[in-house]
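Since the structure comes first, as structure tokens, the remarks are kept for the end.
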Amino acid sequence: PVRPHHSWNASHTASNWLLINLQRHSDHHVRPDRRFPLLQTYAPETAPQLPLGYPAMTLLAMIPPLWRRRMNPRVRAWRRRHYPHVSDWGSYNRARNPLPGGAA
């Protein structure tokens, strides 16, 4: 099942107004039938948070070294928090995307 920690949120007021709460991504995946204006925000302890809103993150993604500098520490922290049993992330890092241990 999809859980809040499977998708990143960007709870930034101006961006949420402009994008009708699109950045409440976790709730959209957990409750896909909920209308965008009603999507809820999850606490950072429950779902990962992007450091900036979608427009700024889009610009950051256009400069991969800056993206990695900003996001790699967050991804590593997310991995430690939600998948402490996975010690070798090599296949994921090479985009082979195997199922996590125990997943069916």
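Only the coordinates and a few stated rules stand behind these numbers; no lab work does. Keep in mind that this is a model prediction, so the values were computed, not measured. Positions of Cβ are backbone-derived with ideal geometry, glycine not excepted, and every protein chain shown enters the neighbour counts.
Things to note:
- Dipole magnitude of the chain about its Cα centre (Cβ charges: Lys, Arg +1; Asp, Glu -1), debye to nearest 20: 260 debye
- Value of [θ]222 nm, deg cm²/dmol, for the chain, DSSP H segments ≥ 4, -39500 (n - 2.57) each, nearest 500: -11500 deg cm²/dmol
- As a length-normalised measure over Cα pairs under 8 Å and 6 or more apart, the relative contact order of the chain settles at 24 percent.
- Summed residue charge, Cβ within 13 Å of Val30's Cβ, Lys/Arg positive, Asp/Glu negative: +2
- Phi-based couplings in Hz for the stretch 54-66 (Karplus 6.51, -1.76, 1.60; Gly and Pro marked x): 4, x, 5, 5, 5, 5, 4, 5, 7, 10, x, x, 5
- Among Thr46, Asn21, Met71 - extreme Cα towards positive end, dipole of the chain, charges at beta-carbon: Met71
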